[in-house]
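The values are calculated or read from the model by the stated rules, or taken from the named source; none is laboratory data. Nothing here was measured: the structure is a model prediction, and the numbers come from that model. Positions of Cβ are backbone-derived with ideal geometry, glycine not excepted, and every protein chain shown enters the neighbour counts.
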């Protein structure tokens, strides 16, 4: 049993709000299976090379920081927003205001508004409000997706946040957006950052919001084409990592699961990559498709070359090649030791995450993958969504939203209403 506390980098830009003071949560996690520096989920990044025992051969403790030194504390930031809301507009009113500005002709105003929308959606579960405005949000994404590199990244992120908020209820409305993101992700002429963000967003959107098999199959095939076309000795691993992650997440939804599992031969070839990120991404994908095979093909499933793969993972788990950085060797040994043990013994690493008074226990690699990908888009708001987002709670089998959270929201709405009434009485008195 392990306990992990994650931190994620967020850079909010509010047009009229004052952000919280700098600070950081310094929670110390315990044993856990997590990925190192990978784009799909900032959760797995080990940021301090001085943590010499983080990946020791004797122990399995991984040290993660909860916030970067230059970022506002998640807790402090939320407190400031709540204070602002008590004397001003509610998140719902702010969303409507930002949606108006998101259609502005001035790119700077438009971009700032979209960033503010993203911040609201990452912090608050706003299903009812979004249900009213979902058509406007989808039209905004469709209209601006191809305007510039920066806006393509913003819009694909917004699409992912919309899916996290609304799930299947936004499904068919996103058809055109999904098509656009597939086209941009598959286009080699697009900047890598655009292709990578579209790949991540597609994984989330299709997983949470699409029940249409043609959409699922088209996305799986496109992602496979993207990662398989990248050479193992690539100098930039970002696109490979996120395309591989999204493909691994969706592979179980394929109408031909066995075909996806048969890609293991190609995946194994990436274990020899000179890039640590590529090796780890390939190893984690290998673990995911093995889990898919066990769950969907045969509970006693083994790869045709299972012993060879386990042996290869064992070599990576004990790698001591001197030309690799010391920190890279630690990350690699820790990661591949757990993947090797999973393929050999069939027991996935367990991750326990505490949030508030609740505990999320992740006992499957696919669950860990969707958790990491949600973290990529929700950043420091992940815990808030674990508490109040009905869709996210359903994905992780957390049960209905706690009554305490619901009562807190009711009290908060009542206090905001009272504050506005006091303002009106004060104005009339003057």
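Numbers below:
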| item | result |
| --- | --- |
| Residues of segment 132-148 satisfying the condition of being more than 21 Å from the chain's Cα centre (by Cα), surrounded by fewer than 20 Cβ atoms within 10 Å (Cβ to Cβ) and in a helix (DSSP H, G or I) | 132, 133, 134, 135, 136, 139, 142, 143 |
| Tabulated pairs, segment 254-270, first modelled with pLDDT of 95 or more, second loosely packed, with under 12 Cβ neighbours inside 10 Å and not in a helix (DSSP H, G or I), C-beta under 6 angstrom, 6+ apart or interchain | none |
| Failed item in (1) in contact with a helix residue (DSSP H, G or I) (Cβ under 8 Å, 6 or more places away or on another chain); (2) at pLDDT 90 or above; (3) within 22 Å of residue 164 (Cα to Cα); (4) part of a helix (DSSP H, G or I), with residue 125 passing the rest | (4) |
| Residue selected from segment 107-129 under the condition more than 20 Å from the chain's Cα centre (by Cα) and over 25 Å from residue 195 (Cα atoms), by the criterion surrounded by the most Cβ atoms within 10 Å (Cβ to Cβ) | 129 |
| Filter pass, residue 286 being under 22 Å from residue 346 (Cα atoms), under 24 Å from the mean Cα position of the chain (by Cα) and in a helix (DSSP H, G or I) | yes |
| Within segment 334-358, considering residues that are surrounded by fewer than 22 Cβ atoms within 10 Å (Cβ to Cβ) and touching a strand residue (DSSP E or B) at 6+ places or on another chain (Cβ under 8 Å), the one farthest from residue 243 (Cα to Cα) | 354 |
| Residue tally, condition in a helix (DSSP H, G or I) and within 22 Å of residue 220 (Cβ to Cβ), over segment 289-319 | 8 |
| Segment 359-382: number of residues that are surrounded by 22 or more Cβ atoms within 10 Å (Cβ to Cβ) and not in a helix (DSSP H, G or I) | 1 |
| Number of positions in segment 179-193 that are surrounded by fewer than 24 Cβ atoms within 10 Å (Cβ to Cβ) and part of a helix (DSSP H, G or I) | 8 |
| Flag if residue 298 is closer than 30 Å to residue 209 by Cα and without any contact (Cβ under 8 Å) to a residue 12 or more places away in the chain | yes |
| Single residue of 196, 201, 251 found to be in contact (Cβ under 8 Å) with a residue 40 or more places away in the chain and closer than 26 Å to residue 302 by Cβ | 251 |
| Subset of segment 149-171 (residues that are under 24 Å from residue 212 (Cα atoms) and surrounded by fewer than 19 Cβ atoms within 10 Å (Cβ to Cβ)) | 168, 169 |
